[in-house]
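The values are calculated or read from the model by the stated rules, or taken from the named source; none is laboratory data. Because the structure is a prediction, the values reported are computed rather than measured. Note that we place each Cβ from the backbone using ideal geometry, even for glycine, and neighbour counts take in every protein chain shown. For accessibility, only protein heavy atoms count, side chains too; no ligands or nucleic acids. Shrake-Rupley method; radii C 1.70, N 1.55, O 1.52, S 1.80 Å.
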Amino acid sequence: MSVYRPLVCLLRHGTAARVCRTVTTWSPVGAAFNAKVQRRLDLFQQNVGLFAVPELSSVEGFEVVQDRALQETEQLVEKACRCPPGVQTVEIFDKLSDSLCRVADMADFIKVAHPDPSYREAAERTCINIGTMVERLNTNVELCKSLKDLLDNKEVFSKLDPETKRVAELFMFDFEISGIHLDKKKRKEAVNLNVKLLDLSNQFLMSCHMPNRIEKRALPEHIHQHFTKDGNYIEIGGLNADAPDDLVREVAYKVFLYPNTNVMHILEELLSCRDKLARLVGYESYAHRALKGTMAKSPEAVMSFLQQITDKLSDRTKKDFEMMREMKTKLNPRNAELMPWDHPYFSGVIRAERFNIEPSLYSPYFSLGACMEGLNGLFTQLYGVSLLAEQPSVGEVWSEDVRKLAVVHETEGLLGYIYCDFFYRPDKPHQLPMVVLMLNLPHPTRSAPTLLSPGMMENLFHEMGHAMHSMLGRTRYQHVTGTRCATDFAEVPSILMEYFATDYRVISQFARHYQTGQPLPQSMVARLCESKKVCGAADTQLQVFYAIIDQVYHGKPLNRSTTDIMIDMQKKYYGLPYVTNTAWQLRFSHLVGYGAKYYSYLMSRAVASMVWKQCFYKDPLNRETGERYRREMLAHGGGKEPMLMVEVHPMAPSSVPDRSGTRATLERACSLGCFYLRGLLALSWPDPRPLVLKSPGWIRWHSRERKVTD
């Protein structure tokens, strides 16, 4: 069983939010996000604890809830081992998973989101302890036998409903990939490898976002202003991909991606441990282990899918890079060679020049409150669901800026709560696809609400797609609720929301100027959509390159360094040259959470394109279609084979519904590749201690300085 699932918080009703309105035309949910919330001061109100868990009103509470969960786990294990084969067996396993998940989910979120280091540290310890327990359970022979007895009892198993059968098989799959079939010595080795992997994963994730430092004297003085200064050093914590100055982008790229020997060792050890674990439990590679149970099924199908996209996009990708090269030559004739640090910047410049899509022209129409009104209206029309702003109780949230939304269905009542942590804070983590939605938006001011760029607005719709997937799931078992489904299917609902976010029939319902109330002109939306087609092939090919790197790293060991592998794959699958003394893979944090599954973004986009064209293209606000989509896809979570849900639709990419095996899987992968290519023009992609580089001698700047004028 996995301890990581979307954090769905079903809590008691609170009181209505009191909002200081500076704009009087918004609905309650719009006003809640367009102005700062004024909390009602109540000296006698009791601290209810984070997420209304009383114990989490203090740091010490983590140990309390952890110990309680572990104690309940022991009781449920004993009960499962005594239980005769039947539906009760699956129900006990589900309770066992839920008991651990409830604690692990909160801790996993709090360890990265809470502003108080003591809370983060306590949550981190809880995550490790719960994770260790899960791995031990997955190698508990007696516990596994109780489930195997059910699966082997054909008479009893045949009488179970389809969802119960699937959940039972998923639990058994967790046992199998953990090496339950191994002897005692090897089972212990599997547990130790999993514990080691947890530690290595945490180390690698921390290192991915740590800045690098270089002596000031190594850099031209006029670009110092673009980076953080620390004494005699310049600190660089990102790629500065949007910087107009070629030299700034180049410096950021070369310094931020400079190889760190310690991190290189962590990554190679992480990949090695994953491979050892996969082989120990009987798989050819970690990729084979990770892809079992997904839509793709196998690494061969994934590579077929990615290769098809590469082959079909080859000519268009070359044309895209040539356009960027011409634009760079136009802006800086002395430095015309196109380099990796140029791709994001010049693709954006070309879009802006051709279609005049300066974000500041759009932002006044996309106030945060207006966008939330738009989402509320969309969900009401499609699903009969409303978002209601409520005031959190004392101690319920980790920051005063967090908004709380009740999700209420017109007939089913309260579905749950969404906590919206949208506003920027120093050291706030990157956004997470959870029902606690995290963004890094600017705060509203006295004169204006928070204004979103088109990309920010699409990202908000994307993340809300994850939230509603969890809210609208209606499974019998929590183990497969909402986004607890195959990784290459989990992104479908969120990517589908991006289509709604770029359809004028949807946008026109909420996008209006925050000062004048004027609607966003249709011509501006048309320009925005057209701009997304520009350089779409090159942007997609970059994602293909990332996905292939992920597959190769997790395939059969090649006995070469991760950098050498990356150089070869970049030459074959990208098109821009490798830059000496860089190690981009050391910043690829998705290797942890999406190990061997990064392709999922592309495959989910293929399915989302199919769903949009089949279901919503003609009428994106049709209630009957929305209900069908919920009933046939969202409601099942992971309780139904994802490809079966996809094949419900007439346009589904499967000419072999009654066949299984490698050939059928490869054919499905190729068909999904076709759907991805058809949908490519509809949307673009949404967008340890620091290493000190003491000697500037290694670095040679490719970009020539341009004359600086006033």
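Rolling a 1.4 Å probe over the heavy atoms of the protein chains gives the chain an accessible area of 43 Å² per residue. In summary, the lysines within cross-link reach of K159, defined as a Cα separation below 28 angstrom excluding same-chain residues under 8 places away, comprise K79, K95, K145, K148, K292, K297, K640.
A straight line joining the Cα centroids of region 342-380 and region 89-106 runs 41 Å. Each Lys or Arg adds one and each Asp or Glu subtracts one; over the other residues with Cβ under 11 Å from the Cβ of S494, this totals -3. When the accessible area of region 250-328 is computed with all protein chains present and a 1.4 Å probe, what percentage of it is carbon and sulfur? Carbon and sulfur atoms account for 49 percent of the accessible area of region 250-328.
The alpha-carbon atoms of region 247-324, seen along their principal axes, cover 49, 38, 14 angstrom, with the largest extent given first. Full extension of the chain between S158 and Q522 yields a length gain of 125.5 nm, computed as 0.36 nm times the residue separation minus the alpha carbon distance.
Across I565, I128, the residue with the most accessible area heads the list, and the full order at a 1.4 Å probe is I128, I565.
Computed from phi, the 3J(HN,Hα) profile of region 581-587 under the Karplus parametrisation 6.51, -1.76, 1.60 (θ = phi - 60°) reads 6, 10, 9, 4, 4, 6, 10 Hz, with x in place of Gly and Pro. Centre-to-centre, using Cα atoms only, region 592-628 and region 241-274 are separated by 33 Å.
Here is how the number arises for the chain: DSSP H runs of 4 or more residues each give -39500 (n - 2.57), the sum is divided by the residue count, and the result at 222 nm is -16500 deg cm²/dmol.
Show me the GluC sites (Glu not before Pro) within region 135-219 that DSSP assigns to loop and that have at most 16 other Cβ atoms within 10 Å of their Cβ. Counting only loop positions with at most 16 other Cβ atoms within 10 Å, none of the GluC sites (Glu not before Pro) in region 135-219 qualifies. Near the amide H of L414, within less than 5 Å, lie the amide hydrogens of H409, all on another chain or at least 5 residues away, with H placed in the peptide plane. Gain on full extension, evaluated as 0.36 nm per residue between T261 and H222 minus their Cα-Cα distance, stands at 11.0 nm.
So, R0 is 51 Å and r is the distance between the beta-carbons of D564 and S447; what FRET efficiency does that work out to, to 0.05? For D564 and S447, the calculated efficiency is 0.40.
Taking a Cβ cut-off of under 14 Å around E142, the surrounding Lys, Arg, Asp and Glu residues balance to a net charge of +4, with basic ones at +1 and acidic ones at -1. Counted over the chain, the DSSP beta bridges are approximately 80% antiparallel. Backbone phi angles across region 251-264, fed through the Karplus curve with coefficients 6.51, -1.76 and 1.60 (θ = phi - 60°), yield HN-Hα couplings of 4, 4, 4, 6, 7, 5, 9, 5, x, 10, 4, 5, 5, 4 Hz in residue order; Gly and Pro are listed as x. Recomputing mean projected area of the Cα convex hull in nm² from the coordinates shown identifies the correct label among (1) 71.9; (2) 78.6; (3) 32.1 as (3). Computed from backbone phi with θ = phi - 60° and the Karplus coefficients 6.51, -1.76 and 1.60, the 3J(HN,Hα) list for region 388-401 is 10, 6, 10, 8, x, 6, 4, x, 6, 10, 8, 8, 5, 7 Hz; x is used for glycine and proline.
Separation of region 118-169 from region 178-214 is 20 Å, based on Cα centroids.
When the solvent-accessible area of region 495-622 is split by element, carbon and sulfur atoms take up 49 percent of it, the probe being 1.4 Å.
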